[in-house]
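Let me begin by presenting the structure, written as structure tokens, before commenting on it.
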Amino acid sequence: MIKQEISYLLKQALEQIPLENKDISTEVFKGKFGDYSTNLAFKLAEANNSKDTSEIAKKIVAEIKNNNLFEKVEIAAQGFINFYLSPEFLQKELQIITEKKESFSRLEINKGKSARVEYISANPTGPLHLGNARGGPLGDTLANVLAESGYQVLREYVHNDIGGQVERLGRSLFHYIKIEQNVQSELQEDDYKGEYVKELAKEASKKIALEKLANEEEAVRALSDFALNKLFDENLLVVEGLGIEIDKIFNESDFLISGETEKVIKKLQALGLTQEKEGAVWFAPNDDYLEDREAVLVKSDGKPTYFANDIAYHNLKFKDKPDLVIDIFGSNHHGHVPKLQAAISALGYDLAKFRVILYQYVRLKKGEAVVKMAKRTGDYVTAEEVLKEVGKDAFRFFLLQRSPETHMDFDLELAKKESDDNPVYYIQYAYARMSSLIAKENREKAVKVDLKLIKEDQELELIKKLIELPELVETISKNFAVHQLTNYALELADCFNRFYEACRVISEDKEMTDSRLNLVSAAKITLGNTLRLLGISAPERM
């Protein structure tokens with residue numbers, strides 16, 4: 001990859017320069033003026049207490065300027081060095097893309113490493129809604145990129161099938177069944193009141209035997225099980241409809257049944273990291289483990305908490321010795337994260353291998369109007385409703401467009417548009433255009449071409465954009481910023497359209513036609529790979 005090549009050349013140049021304190025990072029980044037830039041000369045001058053940055057830059061440039069990777073190397077203000085890639089180098093890169101085809105963006109930098117990614121673990125007591133659905137495309141795409149960089153990835157989903165919320169759901173259903181039977185009943189303040197609960201109650205009353213509903217305790221248990229399984233199956237269908245892959249599903253109850261929760265609590269007790277207060281067992285880490293983060297492990301009624309079960313789950317994750325563990329949660333879990341980090345550290349695991357991504361709230365809009373309610377739930381918009389309206393591709397792309405740390409608006413009307421205003425349509429139409437050009441000449445396979453014919457500015461700019469993808473895969477495998485992929489897809493489509501408008505692809509000049517079709521093939525491979533990583537379809541026709 002180009003950044004690595006330039007970094008290597010800079011390190012070689014440093015060996016030839018008579019300076020002290022040369023043990024500094026040779027950072028290379030996309031340039032504002034050149035194709036790539038570095039501030040190495042400035043950092044060297046600072047490390048050597050020198051004000052002569054330009055002289056140091058000249059010495060570096062003198063060592064590398066004749067390399068055929070570059071058309072030119074220039075020194076800019078404050079000692080920045082700008083690199084301009086040569087047409088010859090770009091022409092060779094084009095050949096590499098067409099030879100490697102779909103494996104062009106596949107890397108080995110993380111080969112032999114394993115990663116576990118948990119995402120879209122939805123609230124089990126209601127339909128998957130637009131807010132918690134945001135973690136699905138985010139986690140799925142990140143898993144795709146990690147796999148592309150060489151990781152062996154396990155994609156995980158946790159079904160929280162126990163706890164007070166599950167009991168409240170069954171109790172809420174029982175309330176509506178009693179109302180239907182003209183039996184007096186009142187909902188408690190924290191019970192579920194959405195329209196979907198009434199629908200579940202109606203269905204449950206037809207499928208659960210009357211004798212099971214005679215005793216309230218038994219009825220609540222039976223109704224909880226019914227509703228939980230029904231919602232879980234429905235949510236998984238939505239997840240499947242979004243093209244989201246899950247390798248393994250964990251039930252929270254499994255950690256209790258297997259005894260894993262009890263084991264981990266005993267381990268924390270043995271480490272002296274628990275204390276009893278008010279009849280409950282608390283996790284009480286000391287200053288050796290991050291910050292003081294107390295939380296209940298076992299309630300006064302003897303039942304372990306969700307936090308205890310989650311520690312047991314992460315203990316199992318880390319026992320497998322993965323190189324990377326990623327949790328993707330809604331931002332409402334922000335208070336849970338430091339406690340979990342403290343527990344993982346207390347158990348002796350390396351926190352450097354643990355990352356949590358918190359995503360923010362999603363607001364649904366129709367043009368300028370904010371959509372506040374949905375018919376089915378009465379209180380929030382379900383992911384299923386939006387999926388039916390806009391389709392998988394727009395659903396995923398729109399949720400991936402923004403950094404997860406930012407709140408976002410999902411524009412329903414824009415997502416349905418079949419015009420260049422809709423970024424998904426714009427990108428897919430560019431891909432379809434590439435496919436159409438190749439199909440016209442019956443050219444699915446690249447032929448031997450004269451690479452030197454590819455020299456127009458728009459052609460070279462397109463190649464520069466194509467060769468960014470492997471570097472982007474490497475970058476995202478480190479910073480997890482998958483929204484950069486949607487930006488790249490838009491930039492690539494835009495770059496291709498500029499090339500298409502400026503350069504006639506199919507003409508009477510057979511050699512030029514073959515050369516430019518070769519470039520179109522490379523663009524199709526690259527955009528196709530980008531869409532694959534995003535989990536978005538690449539249509540041959542539109």
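Tabulated data
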read-out	value
Residue check for T382: surrounded by 22 or more Cβ atoms within 10 Å (Cβ to Cβ), of a type in the set (S, T, N, Q) and modelled with pLDDT under 95	yes
Which numbered condition S537 fails, given (1) among the hydroxyl-bearing types (S, T, Y); (2) open to solvent by 60 Å² or more (accessible area, probe 1.4 Å); (3) part of a loop (DSSP other than H, G, I, E, B)	(2)
Any hit, the stretch 422-441, residues being modelled with pLDDT of 90 or more, over 27 Å from E234 (Cα atoms) and part of a loop (DSSP other than H, G, I, E, B)	yes
Helices (runs of 4 or more DSSP H) lying entirely in the stretch 185-279 (those with 2 or more residues that are without any contact (Cβ under 8 Å) to a residue 40 or more places away in the chain and surrounded by fewer than 19 Cβ atoms within 10 Å (Cβ to Cβ))	195-207, 216-241, 260-270
Matching residues in the stretch 300-320 - criterion: being outside any loop (DSSP other than H, G, I, E, B), of a type in the set (K, R) and without any contact (Cβ under 8 Å) to a residue 60 or more places away in the chain	K319
Any hit, the stretch 490-497, residues being closer than 26 Å to K448 by Cβ, part of a loop (DSSP other than H, G, I, E, B) and not small (G, A, S)	no
Matching option when the condition is open to solvent by 20 Å² or more (accessible area, probe 1.4 Å) and either within 25 Å of L316 (Cα to Cα) or more than 13 Å from the chain's Cα centre (by Cα) (or both), among E108, E156	E108
Members of the stretch 48-104 that are within 21 Å of M1 (Cβ to Cβ), of a type in the set (G, A, S) and open to solvent by less than 20 Å² (accessible area, probe 1.4 Å)	S86
Condition check for G136: crowded, with 21+ Cβ neighbours inside 10 Å, in contact (Cβ under 8 Å) with a residue 40 or more places away in the chain, farther than 22 Å from F398 by Cα and out of contact with any strand residue (DSSP E or B) (no Cβ under 7 Å at 6 or more places or on another chain)	no
S403 vs. criteria under 21 Å from the mean Cα position of the chain (by Cα) and open to solvent by less than 60 Å² (accessible area, probe 1.4 Å)	yes
Residue satisfying all of: in the stretch 111-128; of a type outside the set (D, E, K, R) and open to solvent by 20 Å² or more (accessible area, probe 1.4 Å); nearest to the chain's Cα centre (by Cα) among these	S121
Matching entry among E93, E88, E118 (being in contact with a strand residue (DSSP E or B) (Cβ under 6 Å, 6 or more places away or on another chain) and touching a residue at least 12 places away in the same chain (Cβ under 8 Å))	E118
Close pairs (9 angstrom Cβ cut-off, 6 or more residues apart or separate chains): farther than 29 Å from I109 by Cα and in a helix (DSSP H, G or I) in the stretch 455-472, polar (S, T, N, Q) and open to solvent by less than 70 Å² (accessible area, probe 1.4 Å) anywhere	E459/S515
Conditions (1) in contact (Cβ under 8 Å) with a residue 40 or more places away in the chain; (2) buried (at least 19 other Cβ atoms within 10 Å of the Cβ); number of the one not met by L297	(1)
Condition met for P338 (within 20 Å of the chain's Cα centre (by Cα) and outside any strand (DSSP E or B))	no
Within the stretch 302-326, considering residues that are closer than 17 Å to F250 by Cα and of a type in the set (K, R), the one surrounded by the most Cβ atoms within 10 Å (Cβ to Cβ)	K317
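Condition check ((1) outside any helix (DSSP H, G or I); (2) of a type in the set (A, V, I, L, M)) across all residues:
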{"residue": "K22", "(1), (2)": "yes, no"}
{"residue": "S37", "(1), (2)": "yes, no"}
{"residue": "K43", "(1), (2)": "no, no"}
{"residue": "K51", "(1), (2)": "yes, no"}
{"residue": "I60", "(1), (2)": "no, yes"}
{"residue": "N68", "(1), (2)": "yes, no"}
{"residue": "K92", "(1), (2)": "no, no"}
{"residue": "F104", "(1), (2)": "no, no"}
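The values are calculated or read from the model by the stated rules, or taken from the named source; none is laboratory data. Remember, it's a predicted structure, so these values are computed and weren't measured experimentally. Because the Cβ atoms are built from the backbone with ideal geometry, glycine has one as well, and the counts that use them run over all protein chains shown. Quick note on the areas: whole protein, heavy atoms, side chains included, nothing else; ligands and nucleic acids left out. Shrake-Rupley method; radii C 1.70, N 1.55, O 1.52, S 1.80 Å.
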